[in-house]
Amino acid sequence: IDEEGETETELEYATLDLFMHDNAVLAAGKFLSPIGQFRQNIHPAWINKLPSAPPGFGHDGAAPLAEVGAQVRGGFSLGGRRSNYAVFVGNGPRAGIEGEEIHGIETEGFTSNEDDDQVWGGRLAILPWPQFELGVSGAAGKIGLFDDVQTLVESGRDYDVVGADFVYHLSLIEFRGEYVRQRIASDSGSAVPEEFEWATWYGQAAYRVAPTRWEAVLRYGDFDSPHADDDQRQWAAGLDYWFAGNVVGKLAYEWNEGESGSEAEEDRVLLQLAYGF
């Protein structure tokens, strides 16, 4: 619900999938970004063990949200080890400008492509053993600069994103972490010539208290933006109760550190009930 009390709706993803082979599925439409692991696998409320996303994984952050285009994804054996992959091409993100600076990268997935450039990328992950997954990802292409009314101001700016992630299960303990960096290259001929970079990382540990339904979670995240009032470092601690495998109640507290007086500095108490269906 927006500031005027009106309800806003948004299509998060919708794809048509073609199973071409046991190891390859072709998906076309709007899909969650394959960069990293959190966005495509962990962010749904009934899967994420905390009520919030790590710093830098929201709008205008360091981690892409969605893409409109096509991707091929699947899994295969690599040297006797399980692995999975995703390769995609899409319309790519947009950069929003205000005056003489880029305020953020919009990565919600766009059905139009005014700058006529695509972004290509993918992710490759290997499981050296069943409890441990290690992934690397990246994408590159061109990005357009748009004003506050979504009018294309400039096209052809170099863009890239890189990421690395892991998850490790040790009995009742789960460790996971991720790093993502988005960058718009400098261009001396541009009205906004500087390079802009957004980077974030987080580490998380969760412990399931056997034989109960309780789970404790601890996460640390650090988001660096070209704009000081968006920078944030955060500790988050939570306690979950799993009513079922797809129903969870969560209570968490966030200790946030950011620029004095900014929203990034405000601590929060979060309570959430999530149901997956």
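The values are calculated or read from the model by the stated rules, or taken from the named source; none is laboratory data. Small disclaimer: the values here were computed from a predicted structure and weren't measured. Glycine also receives a Cβ, built like all others from the backbone with ideal geometry; neighbour counts cover every protein chain displayed. Quick note on the areas: whole protein, heavy atoms, side chains included, nothing else; ligands and nucleic acids left out. Shrake-Rupley method; radii C 1.70, N 1.55, O 1.52, S 1.80 Å.
Pulled fully out, how much extra length does the chain show between LEU251 and GLU3, if you take 0.36 nm times their separation in residues and subtract their Cα-Cα distance?
Using 0.36 nm per residue and subtracting the Cα-Cα distance, I get 86.7 nm.
Provide the net charge surrounding GLY122, with neighbours chosen by a C-beta distance below 12 Å and charges set as Lys +1, Arg +1, Asp -1, Glu -1.
+1
Can you tell me, using C-alpha contacts under 8 Å and at least 6 residues apart, the relative contact order of the range 123-260 as a whole percent?
Here the relative contact order equals 14 percent.
Could you work out how far the C-alpha centroid of the range 112-157 sits from that of the range 4-52, in angstrom?
15
How large is ³J(HN,Hα), in whole Hz, for each residue of the range 94-101 in order, when computed from phi with the Karplus curve 6.51 cos²θ - 1.76 cosθ + 1.60 and θ = phi - 60°, using x for Gly and Pro?
Those phi angles translate into 10, 9, x, 10, 9, x, 10, 9 Hz.
Would you please put 235-244, 100-109 in order of how densely packed they are, using the mean number of other Cβ atoms within 10 angstrom per residue and starting with the highest?
Per-residue Cβ counts within 10 Å, averaged per peptide and sorted highest first, yield 100-109, 235-244.
Going by average Cβ neighbours within 10 Å, how do the peptides 156-165, 77-86 rank, with the highest at the top? It would help to have the intermediate numbers written out before the result.
Working: 156-165: 19.9, 77-86: 13.8.
My ranking of the peptides, most packed first, is 156-165, 77-86.
Ignoring ligands, DNA and RNA, what percent of the 1.4 Å accessible area of the chain is carbon and sulfur? Walk me through the numbers before you get to the answer.
Values: 7920 of 14270 Å².
The nonpolar share, carbon plus sulfur, comes to 56 percent.
In square angstrom, what is the accessible area per residue of the chain with a 1.4 angstrom probe? Intermediate values should be presented prior to the final figure.
Numbers: 14270 Å² over 277 residues.
That works out to 52 Å² for each residue.
So how strong a dipole does the chain carry about its Cα centre when Lys and Arg Cβ are +1 and Asp and Glu Cβ are -1, to the nearest 20 debye?
Rounded to the nearest 20 debye, it is 2320 debye.
Which ³J(HN,Hα) values, rounded to whole Hz and listed in residue order, are derived for the range 151-160 from phi using the Karplus coefficients 6.51, -1.76 and 1.60 in 6.51 cos²θ - 1.76 cosθ + 1.60 with θ = phi - 60°, glycine and proline given as x?
Once θ is set to phi - 60°, the couplings for the range 151-160 become 9, 5, 9, 7, 10, x, 7, 5, 9, 8 Hz.
Label-point separation (nm) for ASP147 and GLU263, each offset 7 Å from Cα along Cα-to-Cβ?
In this crude spin-label approximation the distance works out to 2.5 nm.
How much length, in nm to one decimal, is gained on full extension between ILE173 and PHE19, taken as 0.36 nm per residue of separation minus their Cα-Cα distance?
Between ILE173 and PHE19, full extension yields an extra 52.0 nm.
Relative contact order of the range 99-161, please, whole-number percent, based on alpha carbon pairs below 8 angstrom and at least 6 residues apart.
27
Please sort 7-13, 19-25 by packing, taking for each peptide the average over its residues of neighbouring beta carbons within 10 angstrom, highest first.
Descending packing order for the listed peptides: 19-25, 7-13.
With a cut-off of 8 Å between alpha carbons and a minimum separation of six or more residues, what is the relative contact order of the chain in percent? Before the final figure, lay out the partial values.
Details: 734 pairs, mean separation 38.0, N = 277.
14 percent.
In sequence order, what are the phi-derived ³J(HN,Hα) couplings for the range 37-50 according to the Karplus relation 6.51 cos²θ - 1.76 cosθ + 1.60 with θ = phi - 60°, rounded to whole Hz, with x for glycine and proline?
10, 4, 4, 8, 10, 10, 5, x, 4, 7, 10, 4, 7, 10
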